[in-house]
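Some notes on the structure that comes next.
FYI, it's all coordinate maths here, none of it is from the lab. As the structure is a computational prediction, the values presented were derived from the model and not from experiment. All Cβ positions, glycine included, derive from the backbone under ideal geometry; neighbour counts span all protein chains shown.
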Amino acid sequence: MLLRNKSTIQPERQATWPAVNQVLRAEIIRRSGGLAEFWEISPIRIEDNALHTDEIIERLFPADALLCCGHSANEFETRRLNAWLGELAGLQFIVPSPVRARTKERVPPIGGSRRFLVVQFDEGTVDEQAALLINLAGYAPLVCGVHSGNNSMAGWFFVHGQPEDRVLKFFRYSISLGANPATWAPAHFVWMPDGQSENRKRQTVYFLNFRPLEAQA
């Protein structure tokens, strides 16, 4: 049974996120093929109706990773990856980096480092959100692109081992295109790839590329 806890983790403070550059955002969207292009450029495509959540998470994280996952922001648990297998497809949220210990509260990733930086767009159409993620993939290795099942699209960028100032620069650029600043906090929940939203809609994965992880292994 998942624990029901109210997390005490607060978003990391960032005093001066840049304003959205509407001109640049519009130009990027205008040049892109949107969701269709996002799907076409994906090295791996999920083309059946089966849920592939376990397979995806097993590729995204080390086998012994402690992962914090949950049905909601207040109902979650931390387990080793292999102890989650068989349940991940029914969950809505995951912390996108391994956590340091089993706990009733969400905690920052091990050693304060990130494995993935997730960039989430909540405004605009799905085609517009996909166009922005395609653009960002030119600046950092995009591994996964997942739709929330509602109105948002998120990209998982592999940043393990990168200097924090370089990661911050990339995230500030993302913010200038309209990304949600909340995902800067390392312990912030993001959409479970190929999981299920609270209204039981599939959180569809439109982009998968494990090559950056294989190159690092």
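Below, the figures for the structure above:
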item	result
For Ala185, residues with placed amide H under 5 Å, excluding near neighbours	Glu12
For Asn151, residues with placed amide H under 5 Å, excluding near neighbours	none
Top positive-direction residue, dipole computed over the chain with Cβ charges, set Gly195, Ile57, Trp17	Trp17
Within region 17-216: Cβ-based charge dipole about Cα centre, in debye rounded to nearest 20 (Lys, Arg +1; Asp, Glu -1)	540
Ascending count of other beta-carbon atoms within 10 Å, so fewest first, for His147, His160	His160, His147
Distance-filtered residues of region 132-156 - backbone nitrogen under 16 Å, label point 7 angstrom along Ile41 Cα→Cβ	132-146, 154-156
Of Tyr206, Cys69, Gly145, farthest towards positive along the dipole that unit charges on Lys, Arg, Asp, Glu beta carbons give the chain	Cys69
Cα point-scatterer Debye curve for the chain, base-10 log of I(q)/I(0) at q = 0.10, 0.11, 0.13 Å⁻¹	-0.40, -0.49, -0.70
Whole-Hz ³J(HN,Hα) from phi, Karplus 6.51 cos²θ - 1.76 cosθ + 1.60, for region 128-139, glycine and proline x	5, 5, 5, 4, 5, 5, 4, 4, 5, 5, x, 10
Stretch gain in nm, segment Arg59-Arg166, where the contour uses 0.36 nm per residue and the Cα spacing is subtracted	36.0 nm
Long-range HN-HN contacts of Phe116 with modeled amide H, under 5 Å	Val159
Cα centre as origin, Lys/Arg/Asp/Glu Cβ charges: region 7-97 dipole, Debye	460
Residue order, fewest to most surrounding Cβ atoms within 10 angstrom, among Trp184, Trp191, Trp17	Trp17, Trp184, Trp191
Taking Arg30, Arg80 and counting other C-beta atoms within 10 Å, the order from fewest to most	Arg30, Arg80
Gyration tensor over alpha-carbon atoms, region 15-95, equivalent ellipsoid semi-axes in Å	32, 21, 12
